[in-house]
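Read through the structure below, which is laid out as structure tokens, and then see the notes.
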Amino acid sequence: DESSGYESESAGGERSAETGTCGRQRRARTAFTSEQVCRLEKNFQRQKYLGASERRKLAAALRLSEIQIKTWFQNRRMKLKRQI
């Protein structure tokens, strides 16, 4: 059985989401599968920036949203920058 791919990692463990200033709930943190991370890392090694068409294809292949792909690449570039 597959989950939605989202898990809450709030500090207390009791709350599933925090409300923002507008009363909206924050999206739960995405728990990427090891296969998704492996594929994302392989793509990142080839190219640090994805165009719209590459992002769309990768999102469809990994069953993630384009925003999740874009955010993952942004975070990965920042991780690389910190390591350097």
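The values are calculated or read from the model by the stated rules, or taken from the named source; none is laboratory data. Worth saying up front: this structure is predicted, and the values here are computed from it rather than measured. For accessibility, only protein heavy atoms count, side chains too; no ligands or nucleic acids. Shrake-Rupley method; radii C 1.70, N 1.55, O 1.52, S 1.80 Å.
Some notes on this structure:
- The stretch between residue 39 and residue 79, if pulled fully straight at 0.36 nm per residue, gains 12.7 nm over its current Cα-Cα span.
- Accessible area per residue for segment 34-83 is 71 Å², calculated with a 1.4 Å probe on protein heavy atoms, without ligands, DNA or RNA.
- Across segment 62-72, rounded Karplus estimates of 3J(HN,Hα) from the backbone phi angles (6.51 cos²θ - 1.76 cosθ + 1.60, θ = phi - 60°) give 9, 6, 10, 7, 5, 5, 5, 5, 4, 5, 4 Hz, Gly and Pro being marked x.
- Counting only heavy atoms of the protein chains and using a 1.4 Å probe, residue 38 has close to 70 Å² of accessible surface.
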